[in-house]
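The block underneath contains the structure these notes are about, expressed in structure tokens.
Just so it is clear, none of the values below were taken in a lab; they were calculated from the coordinates. Given the structure is predicted, the values throughout are model-derived calculations rather than measurements. So basically every Cβ, Gly included, is an ideal-geometry build from the backbone, and we count neighbours across all protein chains shown.
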Amino acid sequence: MSTKTSPDLQVLFSREQIAERVAELGRQIDQDYAGENIVLLGVLKGAAIFLADLARHITVPNTFDFVAVSSYGKGQKTSGAVKLIKDVDQPIEGKNVIVVEDILDTGLTLDFLKKLFAQHRPRSLRIAALLDKPSRRLVKIDADYVGFSIPNKFVVGYGMDYAERFRNLPDICLMPPDYPE
Ligand code: IMP
């Protein structure tokens with residue numbers, strides 16, 4: 001059976017490259033949190049697949065939680081406004097929290113979440129972003145764990161969408177700017 005599932009989109013990172021890098025990030029987190037417990041706090045929906053894969057490379061005791069925020073709407077443009085749509089289920093006070101996000105782009109989302117979660121007084125608060133687009137940053141924020149740094153291109157696959165489509169693509173692909181909605 002063919003493994004081709006993308007609609008002729010150019011592959012930026014193959015499933016093999018992603019798997020290798022995610023495993024490395026998991027090993028790094030394992031080392032950094034040896035002897036500790038962690039909460040993996042995924043940002044829905046884009047980070048769901050990354051969190052699922054990353055968690056399976058982490059051996060220190062961990063739990064999952066998820067939050068949802070308002071994002072780009074349907075297309076490739078941001079509205080700029082960030083709103084919490086779903087909060088954490090379990091208190092994070094006193095916990096080692098790693099916010100797991102698909103892309104660190106303008107930084108508005110993670111800046112908002114970091115400030116919000118800091119008010120909950122976690123023991124520690126770090127960010128793991130699969131992709132980082134440093135050239136797009138509007139606020140000063142960095143991730144502690146980054147899968148790949150990329151230029152200013154819109155990507156889909158491995159959880160990331162264009163108007164809710166293509167999240168299921170196993171590879172990270174480039175979305176042409178003129179792609180119809
Ligand atoms: P930020 O608030 O601008 O950093 O944006 C973060 C969110 O924008 C990400 O979690 C994604 O949901 C979305 N986003 C940014 N760039 C892309 C992209 O290239 N493809 C798909 N979603 C993106």
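One table, with the values for the structure above:
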| quantity | calculated |
| --- | --- |
| Extreme residue, farthest from I38 (Cα to Cα), among residues of region 107-165 that are in a loop (DSSP other than H, G, I, E, B) and among the small types (G, A, S) | A163 |
| Considering residues of region 135-157 that are away from the ligand (no atom under 11 Å from the Cβ) and either farther than 16 Å from G42 by Cα or in contact (Cβ under 8 Å) with a residue 60 or more places away in the chain (or both) only, the residue surrounded by the fewest Cβ atoms within 10 Å (Cβ to Cβ) | K140 |
| Complete set of residues in region 158-181 that are within 12 Å of the ligand (Cβ to nearest atom) and touching a Gly at 6+ places or on another chain (Cβ under 8 Å) | G159, M160, D161, Y162, A163, F166, R167, L169, I172, C173 |
| Residues that are near the ligand (Cβ under 6 Å from one of its atoms) and farther than 19 Å from I49 by Cβ, drawn from region 100-120 | T106, G107, L108 |
